[in-house]
Structures are given as C-alpha cells and as structure tokens.
1. Please go through the range 118-138 and pick out each residue that is among the aliphatic types (A, V, I, L, M), open to solvent by less than 40 Å² (accessible area, probe 1.4 Å) and either farther than 21 Å from F29 by Cα or touching a helix residue (DSSP H, G or I) at 6+ places or on another chain (Cβ under 9 Å) (or both).
2. Quick one: is E149 at pLDDT below 95, among the acidic types (D, E) and buried (at least 17 other Cβ atoms within 10 Å of the Cβ)?
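The values are calculated or read from the model by the stated rules, or taken from the named source; none is laboratory data. Only a predicted model underlies this, so the values are computations on that prediction, with no experimental measurement involved. Here the Cβ is made from the backbone with ideal geometry for all residues, glycine too, and neighbour counts use every protein chain on show. When the accessible area is computed, the model is the full protein with side chains, heavy atoms only, and any ligands, DNA or RNA have been set aside. Shrake-Rupley method; radii C 1.70, N 1.55, O 1.52, S 1.80 Å.
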Amino acid sequence: MKIRELSPKDVNIWLPLRLEALERLPENFLTSLETEIARPKSDQEARLANGCFWGGFKNDTLCGIIAMDQNMDDGCRHRGEITSFYVCADARGTGLGRAMLDHVSGIAAANGILQLELQVARTNTQAIRFYEAAGYVTFGTLPRQVLRERGAETDLFMVRFLDGFQDHA
C-alpha cells in the first residue's frame with residue numbers, strides 16, 4: 001500500500017477512478033458523471049496541479065482518491081475540508097481508505113490545520129460509521145443540501161479535531 005500526492009501527470013489514472021466513483025455512487029458526490037465527463041482534460045490537469053489530491057495505490061494500481069482543501073480565509077486557515085473521497089470496491093475493507101484518511105490528516109496537521117471537516121449524506125450509514133471510527137463527530141445537519149431527481153438529501157457535517165480539542169456542543 002502506497003499513498004502519494006497526485007499531479008497533472010496522473011490525470012490518466014485519476015480520471016477513470018473519479019468517473020467510476022461518480023458512476024457507481026452518484027448520490028455520494030455533488031458533481032454528476034455528465035459534468036465531469038464534459039470537463040476538458042486541461043481543467044482536470046489544473047485541478048491536480050493545486051496539490052490537494054492524493055492517491056492510494058495497491059500493487060502500483062490507483063485504488064483510492066482523496067482531496068483536501070485548506071480554508072484560506074483570514075481567521076479560518078486552521079480548517080481543512082475533505083472534499084472528495086473514494087475507494088474502489090476491490091480495495092474496500094483492506095485498510096486503504098483509513099490509511100489515506102490518516103495520511104491526509106497528518107499532512108493537514110503538519111500544515112497548521114487543526115480540524116478537518118466533511119459533509120456526508122445522512123443516509124450513507126456506511127460512510128458515517130467509517131468516519132466515526134476515524135475520530136469524526138457530527139456537529140450539524142443541512143436539510144436539502146442537495147436536490148436530486150429522487151428528492152432532497154440532508155447532509156451531516158462532521159469534524160475531526162487534529163489537536164485534541166474537545167467539542168462542547
């Protein structure tokens with residue numbers, strides 16, 4: 001198992017896995033498969049150039065992707081957000097997902113990020129359990145975060161404090 005930052009040269013291995021994620025689990029992402037397919041390759045390469053994507057590899061095959069953005073607003077640089085996370089079916093349950101999440105958490109902490117935040121659909125119980133096992137706690141909900149053809153989706157907001165802070169909410 002190997003985890004490393006992805007760069008524009010990885011677009012040809014990253015994009016197929018990204019499209020797989022959007023096709024297999026469309027309800028877990030805000031971007032649609034159609035929107036992602038329509039993006040020019042140069043836009044995809046630019047996304048990978050900003051240093052916020054990592055890949056999890058098993059036997060030199062990309063099996064997982066994760067993205068984390070640091071909030072750059074004044075007074076909020078201590079916050080990061082997991083914005084995209086996917087592990088292919090064959091690699092689930094192998095520890096790759098947890099290793100990727102822990103790897104990005106370590107990078108975040110080393111860059112002064114004190115807390116990592118994410119949003120997850122309230123109905124995605126498997127992901128919620130995974131995040132809770134990794135130390136995330138729910139701190140709120142947003143009704144109708146996403147409107148889909150099948151109806152509205154409520155998201156949970158979750159946070160993991162990287163510095164030992166205890167939430168008093």
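1. Matches in the range 118-138: L118, V120, A121, A127, A134.
2. In short, no.
Here's the yes/no breakdown for (1) among the hydroxyl-bearing types (S, T, Y); (2) free of Cβ contacts under 8 Å to residues at least 60 places away in the same chain:
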residue	(1), (2)
L6	no, yes
N12	no, yes
R18	no, no
A21	no, no
F29	no, yes
R47	no, yes
W54	no, yes
T61	yes, yes
